[in-house]
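Asks: Mind having a look at this structure? Questions to follow.
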Amino acid sequence: MKQHVNGLLAALLLTLLPLLTPGRLHAGDPKACVTRFDWRTPPNGQKWTCAVHVEPSKEKQGRALPVDYVNPLIDSAKSRWLFFSSACRPFGMVNLSPDTDTKGWWNSGYCYHTGSICGLNHVHAWQLSGPSVMPLSGPIKLTVGADFCRSTFRHESEVVGPGYHALTLDDFGVRVELTSTNRVGMHRYTFRKSGQSGVLFNLGSGSGPSPIAAGMARRLDDRRIEGYVTNGPTLRRPKPCTCYFVAELDVPFESFVGWADGKELGEVKQISGKDTKAIVRFAASDNQIVQLKVGLSYVSIEQAHRNLRAELPHWDFDQVRRDSRNVWNQWLGKIEVDGGSEAQRTKFYTDLWHVLLGRRLTSDVDGKYCDQTGPQPVIRQIPLGPDGQPRYHHYNSDAFWNTFWNINQVWGLAYPDVTNQFVNFLVDMYHDGGLIPRGPCGHDYTWVMVASHSTPLIVGAYMKGIRGFDVNVAYEGMRKNAFPGGAMGHGHYEHGSAKRGGIEAYIKYGYIPIDGRPKGWITESAAGTLEYAYDDWCLAQMAKRLGKAEDYKLFMRRAGNYRNVFDSKTGFMRPRNRDGTWQTPFDPLDSKDRAWCEGTAWQYTWFVPHDVQGLVDLMGGRDVLNTKLNEAFEKSVDKDFRSAYVNYGNQPSIEMAHLFNYSGAPWLSQKWVREVKQRTFGGTTPDAGYGGDEDQGQAGGLGVMMAIGLFQLRGGAALDPVYEITSPVFDCITIHLDARYYSGREFTIISRNNSATNKYIQSAMLNGRPLNRPWFYHRELVDGGELELQLGPKPCKTWGSGPKDAPPSMSRSCDQSLTP
C-alpha cells in the first residue's frame, strides 16, 4: 500500500519515522515493513510530499516475529568499526552500513550521535574495510579524505533493521536505502531534485583500523566499473589484504572522473594509487531512482563478478530486502521466547543478532579463497559436496579469546552447523599454514590476545557431537599449538617469531614468571599461566576421548599449573618470579599490572573454569570462596559490574557470577546473573546495552545465555558436557534443535512464577522428573525435552547446594570416571 503525506503532515511524519522500523509501523499493522520512501514535488512547486510504501505483514494482528525485535541502534553511540552493521546477512561478507566516523579502531563506523554521513562502506570487519560509496548531487570537488562529501542526516528520517538501512542525506537531497545478499551490497537512491548527480567510489581514504595501501577503479562500460581496495598491514594483521569489487548501475553514467595521489585527473578509463577516488556522473531527473549493486571477493575481480552473478542477477531491491528479512527471521527463530518485557525481548534478539553477524565470510560462492599464510598469496578451493556447493565457508575473525563463555555456547546449542564450519575453516588454516590460528584475519595469522583458545572451540564441538571435520588433523594442530613454535609460543601480535608467548617457561617452571620476560608487549605471565592451564585441560579431554593415554596424562598435569600462581597468604592468584618468589609490591586491584591480560588479580583469581573444586580447596573451603566472591559483586553493584573487582565489560571475568553453582550457593548465581543481565546488559538505547566491548558477538552471546538461564563454565569441552542452570528472564524458551547434528526436535525451558523479583529457583523438573542439582548434561538437552523451573522471591538455599550437587570439576572424582 502507499500512504501520501504533504505539507505539515510530512513534517509530522518525520517526527514519527523512528517508529517506522521494520515490524513497527504502528498505524494499523504493528509488523508492517516500510519498503520505500518517495519524495514527490506537486505541480505548484511550493511543497513536496512523501510517499511511504508499506508492505503489510502476513501476521497482521498477531504476535511479533523474532526479526521484529532486533534494534541495531542499541549501544551504537560509542561504536567500534566492526560493531555496527545493518544491511547484511548472517556472517555476510558484505556488512554495508553508513559511516559517520572513519578514523581509528574505536568510535568509528556508525556512531549514533554524529549527525553526518561520509560514506557507505561495504566491509566493517576485524582489521578490514572495503569500497566505500556515496551518492552526491550538485558540483563536487574531489579532495583528500572523506569530509568533502559529508552530508547531515536526521534520525527522524532513518529506518534501521536486520538487512536494511535507510536515511536521507539532507545536504544532497538523496534518500538512501541499503540491503544485501551474502556477498553483494544493493543500494537504492532517490534523487529528490534534478541536476548533476553521481556516485562517489572512495577507495583510498582509509576506514577504521585499516590504512589503505592502494586502490584501483576501471570503467568497463557506461554502467559498470571494477577495481579493488588493498588494506595495508596493521599491528595485528601483518600482511596486506585486498578486497576486490565490481559495481553495476541500472542507469547509464555519462562520465568517469578520477582522483589519485592528491590530484584530480579528469575523465579517465582507469585510476590507481594510494589515495584513489572516482565519481560516475549523470544528470538526474526529479525523484529519479538509481540502483547500484556492488559484489565483493577477496580472491580476484573475476570472482567478484562471479559472486554478483550468482547471488544477485536481478534488480528487485524490495525482493532482496524481503529475502534478507526472511533469512534473519529463520536464523533468529531457532530460539523462541515468550514472556518477559518488550525491552527484554528486544535485547535478547538483538544479542542473538550480534552473535550471528560478528564474524565475516571471506570465501566465495564457489568455495575459492585466498590463502595468505605463506610468503605469497595462493588461491585455494574448499571441498565441494555432492550438490556441487562448498561443504563449509571461511571467515575473518577476531581472536576466540574466551568465546567458550559466549558464542561457542550459543552456536553449539542452536547453530551447530556454524560451529562445524568454523572448525573446518581452522583445520584448513592448519593445512595451509601449519598452525591453527588464534585470530584469523585476511586468511593469515594475527596472534591477537593470548593462549590457544581455538582449542576449546574445537574440543567443545567434538564433545557435543559436532564432528564433521578431520578430528585427527585437528588434534595434531591443537597439540602443536601447546608447544614451542605453536600458538602458545606467540606473544601479542608476535608475527616474525614465537619467543614471547612464555611456553618454554611454562613447561619448565609450571608457570610463566614475571621476571626475565623479553621486552615488548607479550603474553601476560600470570594470566597466560591460567589461560594455558585451561587450554591444556581441554586438550587432555580430547586426548582421552581419542585414546591417547600419554597425552592425556601430560596435559592433565599441565592443567593443574593454575595452582602454581595461587598465593595462599593473600588469597589471590599472584605473579611470581623464576626463583619462586612472589611479585612485590602486589595490588590485586591494579589494572595496569602487566601480569594480567586486560584485567586484575581480583578478576583473574577465578579463572579456573575446569577446576572450581580445586580453587575451592586452595581458598580453604566453599564458605571462604563464596564470601570473597560475593564481596566482589557487592562492591561492583554501583559501577554496574564494571569495576576492578568484577568487570563484565571485558572477557576475563564474565564467568564469575556462575561460579556459585559450583561452590554450594546456586542462589547467588541466580541473583547475580539477573543483576548483571539487567544492569550491564539490559540497556536498549543508543547509549547503553553492552557495557564495554561487544567484541563480535561475545557480549551478545553472554546475554543470550544469561537470558535463557543456561551456561557452560567449562566451555562444553568436557568428555560429557553439562549446562549449569540459573533463572531465565522469560516464561518459556524453545530451542529448535538441528536434526543434522542432534536427535531431539526441540528443548523447552519453562519458568513458573517468573518476574523481576521472583528470580530464585525453588525446584526443578527435567523431563517430568525432579532435578535437585543446578546442572544437567548436554546430551539430555539435545535429545529434546523440557526443563521446568519454579521461581520465587526468596532464595531456596537447600536446592542444588549440597557438595554432591555441584557440577563436575577436574578435582572431583566423578570427572575422572569416563574412559576413552
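Asks: Scan segment 237-250 and tell me whether some residue there is open to solvent by 60 Å² or more (accessible area, probe 1.4 Å) and of a type in the set (A, V, I, L, M).
Replies: Taking every residue of segment 237-250 in turn, none turns out to be open to solvent by 60 Å² or more (accessible area, probe 1.4 Å) and of a type in the set (A, V, I, L, M).
Asks: Considering only segment 261-365, give the helices (runs of 4 or more DSSP H) lying wholly within it that have at least 2 residues that are of a type in the set (Ser, Thr, Tyr) and open to solvent by less than 10 Å² (accessible area, probe 1.4 Å).
Replies: 342-355
Asks: Shifting gears a bit: With (1) in contact (Cβ under 8 Å) with a residue 40 or more places away in the chain; (2) closer than 30 Å to residue 476 by Cβ as the list, and residue 566 as the residue in question, which single condition is left unmet?
Replies: (2)
Asks: To continue, here is another question. Considering only residues that are more than 26 Å from the chain's Cα centre (by Cα) and open to solvent by less than 10 Å² (accessible area, probe 1.4 Å), which ones fall in segment 217-236?
Replies: Once the filter is applied, which keeps residues that are more than 26 Å from the chain's Cα centre (by Cα) and open to solvent by less than 10 Å² (accessible area, probe 1.4 Å), segment 217-236 yields 217, 225, 227.
Asks: Let me ask something else. If we keep just the residues of segment 713-723 that are farther than 15 Å from residue 611 by Cβ and not aromatic (Phe, Trp, Tyr), which is most open to solvent (accessible area, probe 1.4 Å)?
Replies: By that ranking, first place goes to 720.
Asks: Follow-up question, since we're still on this one. Here are some residues: 595, 559. Which one is hydrophobic (A, V, I, L, M, F, W, C) and over 23 Å from residue 718 (Cβ atoms)?
Replies: Unique residue meeting the criteria: 595.
Asks: Among the residues of segment 141-161, which ones are open to solvent by 30 Å² or more (accessible area, probe 1.4 Å) and either assigned to a loop (DSSP other than H, G, I, E, B) or of a type in the set (S, T, N, Q) (or both)?
Replies: 141, 143, 144, 150, 152, 154
Asks: Let me ask you something else. Taking into account only those residues within segment 476-493 that are in a helix (DSSP H, G or I) and either under 26 Å from the mean Cα position of the chain (by Cα) or modelled with pLDDT of 95 or more (or both), which is surrounded by the most Cβ atoms within 10 Å (Cβ to Cβ)?
Replies: Among them, the one singled out is 488.
Asks: Just to be sure, is residue 315 within 21 Å of residue 704 (Cα to Cα) and either hydrophobic (A, V, I, L, M, F, W, C) or modelled with pLDDT under 95 (or both)? Break it down stepwise before answering.
Replies: Numbers: within 21 Å of residue 704 (Cα to Cα): no; either hydrophobic (A, V, I, L, M, F, W, C) or modelled with pLDDT under 95 (or both): yes.
Taking the combined requirement at face value, the residue does not satisfy it.
Asks: Just the residues that are in contact with a strand residue (DSSP E or B) (Cβ under 9 Å, 6 or more places away or on another chain) and either part of a helix (DSSP H, G or I) or buried (at least 20 other Cβ atoms within 10 Å of the Cβ) (or both), please, taken from segment 675-695.
Replies: Selection gives 680, 691, 694, 695.
Asks: Of the residues in segment 366-394, how many are outside any loop (DSSP other than H, G, I, E, B) and crowded, with 24+ Cβ neighbours inside 10 Å?
Replies: Just the residues of segment 366-394 that are outside any loop (DSSP other than H, G, I, E, B), to begin with: 368-371, 378-381, 384, 390.
Adding the requirement that they be crowded, with 24+ Cβ neighbours inside 10 Å leaves 369.
The qualifying residues number 1.
Asks: Any residue in segment 751-766 that's under 11 Å from residue 794 (Cβ atoms) and at pLDDT below 95: show its pairings with residues that are part of a strand (DSSP E or B) and open to solvent by 20 Å² or more (accessible area, probe 1.4 Å) at Cβ separation under 9 Å, as long as the two are six or more apart or on different chains.
Replies: none
Asks: Say whether the condition of being hydroxyl-bearing (Ser, Thr, Tyr), open to solvent by 10 Å² or more (accessible area, probe 1.4 Å), over 30 Å from residue 375 (Cα atoms) and assigned to a loop (DSSP other than H, G, I, E, B) is met by at least one residue in segment 504-511. Please lay out each step first, then the result.
Replies: Keep residues of segment 504-511 that are hydroxyl-bearing (Ser, Thr, Tyr), which gives 506, 509, 511.
The next check asks that each one be open to solvent by 10 Å² or more (accessible area, probe 1.4 Å); those that pass are 509, 511.
Right, trim to over 30 Å from residue 375 (Cα atoms) and you get 509, 511.
Restricting the remaining residues to those that are assigned to a loop (DSSP other than H, G, I, E, B) gives 511.
Within segment 504-511, one or more residues are hydroxyl-bearing (Ser, Thr, Tyr), open to solvent by 10 Å² or more (accessible area, probe 1.4 Å), over 30 Å from residue 375 (Cα atoms) and assigned to a loop (DSSP other than H, G, I, E, B).
Asks: Would you tally the residues in segment 91-135 being open to solvent by 10 Å² or more (accessible area, probe 1.4 Å), assigned to a strand (DSSP E or B) and either of a type in the set (A, V, I, L, M) or modelled with pLDDT under 95 (or both)?
Replies: Total meeting the criteria: 3.
Asks: Find all pairs meeting these conditions: Cβ atoms under 6 angstrom apart; at least six residues apart or on different chains; first residue within segment 776-797 and aliphatic (A, V, I, L, M); second residue not in a loop (DSSP other than H, G, I, E, B).
Replies: If the second residue must be not in a loop (DSSP other than H, G, I, E, B), the pairs left are 781/747; 787/749; 787/766; 789/751; 789/761; 789/764; 791/751.
Asks: Hey, another quick one. For segment 662-703, give me the residue count where each residue is modelled with pLDDT under 95 and among the aromatic types (Phe, Trp, Tyr).
Replies: Total meeting the criteria: 1.
Asks: Could you look through segment 55-69, keep only residues that are open to solvent by 10 Å² or more (accessible area, probe 1.4 Å) and modelled with pLDDT of 95 or more, and pick out the one that is nearest to residue 346 (Cα to Cα)?
Replies: Once the filter is applied, the top-ranked residue is 69.
Asks: In segment 428-446, how many are open to solvent by less than 10 Å² (accessible area, probe 1.4 Å) and aliphatic (A, V, I, L, M)?
Replies: 2
Asks: Looking at residue 598, is it touching a helix residue (DSSP H, G or I) at 6+ places or on another chain (Cβ under 8 Å) and open to solvent by 30 Å² or more (accessible area, probe 1.4 Å)?
Replies: yes
Asks: Return yes or no: is residue 644 touching a Phe, Trp or Tyr at 6+ places or on another chain (Cβ under 7 Å), open to solvent by 10 Å² or more (accessible area, probe 1.4 Å) and modelled with pLDDT of 95 or more?
Replies: Judged against the criteria, residue 644 is a match.
Asks: Something else about it: Tally the residues that are more than 34 Å from the chain's Cα centre (by Cα) and aromatic (Phe, Trp, Tyr), restricting the search to segment 237-262.
Replies: 3
Asks: Something else now. Does residue 213 qualify as being surrounded by fewer than 24 Cβ atoms within 10 Å (Cβ to Cβ) and in contact with a Pro (Cβ under 8 Å, 6 or more places away or on another chain)?
Replies: yes
Asks: Name every residue in segment 781-802 that is open to solvent by 40 Å² or more (accessible area, probe 1.4 Å) and either closer than 30 Å to residue 623 by Cβ or touching a strand residue (DSSP E or B) at 6+ places or on another chain (Cβ under 7 Å) (or both), in order of residue number.
Replies: 786, 788, 790, 793, 794, 795, 797, 798
Asks: Within segment 558-587, count every residue that is out of contact with any Lys or Arg (no Cβ under 8 Å at 6 or more places or on another chain) and open to solvent by less than 70 Å² (accessible area, probe 1.4 Å). Give the derivation first.
Replies: To start, the set of residues in segment 558-587 that are out of contact with any Lys or Arg (no Cβ under 8 Å at 6 or more places or on another chain) comprises 558-563, 568-570, 572-581, 584-585, 587.
Then drop every residue that is not open to solvent by less than 70 Å² (accessible area, probe 1.4 Å), which leaves 558-562, 570, 572-577, 580-581.
Going through segment 558-587 one residue at a time, the tally reaches 14.
Asks: With the requirement that a residue be more than 22 Å from residue 153 (Cα to Cα) and touching a Leu at 6+ places or on another chain (Cβ under 9 Å), what does segment 181-215 give you?
Replies: Once the filter is applied, which keeps residues that are more than 22 Å from residue 153 (Cα to Cα) and touching a Leu at 6+ places or on another chain (Cβ under 9 Å), segment 181-215 yields 181, 182, 183, 184, 209, 210, 212, 214, 215.
The values are calculated or read from the model by the stated rules, or taken from the named source; none is laboratory data. Since we're looking at a predicted model, the values are computed, not measured. Glycine gets a Cβ as well: all are built from the backbone with ideal geometry, and neighbour counts include every protein chain shown. Surface areas here come from the heavy atoms of the whole protein model, side chains and all, with no ligands, DNA or RNA. Shrake-Rupley method; radii C 1.70, N 1.55, O 1.52, S 1.80 Å.
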